[in-house]
């Protein structure tokens with residue numbers, strides 16, 4: 001995985017939950033509990049291990065801190081399975097791509113404060129040949145946009 005600026009293919013990430021959201025966009029700030037809800041378990045955003053990289057994780061942590069959430073409200077899960085179980089059994093949210101959310105039976109919405117992206121590229125001796133021959137097929141498998149911005 002590479003930062004979006006270095007990616008050949010990019011996959012926009014958003015927040016996915018078991019209940020359909022009331023709005024077209026989910027703001028991290030909306031997870032801050034009201035005074036009446038302080039005794040209730042606070043909703044969390046789960047980051048799956050694949051997205052535990054600085055260019056995805058750190059901006060979410062900065063937003064968490066800026067809007068006054070508790071540190072545990074945006075957390076990295078040890079596995080995708082564990083994160084999915086948490087989301088299916090609660091009002092928690094999973095950082096995921098649109099395609100992945102659909103595969104997990106979750107409702108997806110973009111994040112309001114930032115636009116996190118999984119970036120992909122091929123490395124190695126045959127990288128140019130693989131990019132040239134398989135670019136559309138790889139984009140389709142990833143549910144990605146390639147570097148020309150076209151959805152595949």
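Each value in this text was obtained by applying a stated rule to the coordinates, not by laboratory testing. Worth saying up front: this structure is predicted, and the values here are computed from it rather than measured. Note that we place each Cβ from the backbone using ideal geometry, even for glycine, and neighbour counts take in every protein chain shown.
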Compute the angle between helix 127-142 and the longest alpha-carbon principal axis of the chain, please, reported from 0 to 90 degrees and rounded to the nearest 10.
40
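What FRET efficiency comes out for the pair residue 129/residue 76, r = Cβ-Cβ distance, R0 = 35 Å, nearest 0.05? Provide the component values of the computation, followed by the final result.
On the way: r = 35 Å, r/R0 = 1.01.
After rounding to 0.05, the efficiency reads 0.50.
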Once both labels are modelled 7 Å past Cα along the beta-carbon direction, what's the residue 57-residue 42 spacing in nm?
1.9
Would you please state which residues of the stretch 40-60 a label at residue 85 would reach in this model, taking the label point 7 Å out along Cα→Cβ and a backbone N cut-off of under 16 Å?
46-49
Using just the helices of the chain, give the 222 nm mean residue ellipticity in deg cm²/dmol: DSSP H runs with n ≥ 4 each add -39,500 (n - 2.57), and the total is spread over all residues, rounded to 500.
-9000 deg cm²/dmol
Candidates 52, 125, 92, ranked by Gaussian network fluctuation over the chain, Cα under 10 Å, top entry:
125
Can you give me the relative contact order of the chain as a percent, contacts being Cα pairs under 8 Å and 6 or more apart?
44
Taking the 0 to 90 degree range and rounding to the nearest ten, how far is the long axis of helix 54-66 tilted relative to the main principal axis of the chain, both from C-alpha atoms?
20
Enter the Cα centre distance for the pair the stretch 1-55 and the stretch 97-119, rounded to the nearest angstrom.
8
Starting from 0.36 nm per residue, how many nanometres of slack lie between residue 19 and residue 137 once their C-alpha separation is accounted for?
39.3 nm
So what is the orientation-averaged projected area of the chain, using the convex hull of its C-alpha atoms, in nm²?
9.6
Decide, for the stretch 1-78, between rounded, prolate and oblate: order the square roots of the alpha carbon gyration tensor eigenvalues as a ≥ b ≥ c, take rounded if a/c falls under 1.5, and otherwise choose prolate if a/b is larger than b/c, else oblate.
prolate
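By counting other Cβ atoms within 10 Å of each Cβ, how are 84, 72 ranked from fewest to most? Don't jump to the answer; show the numbers that get you there.
Working: 84 21, 72 9.
Lowest count first: 72, 84.
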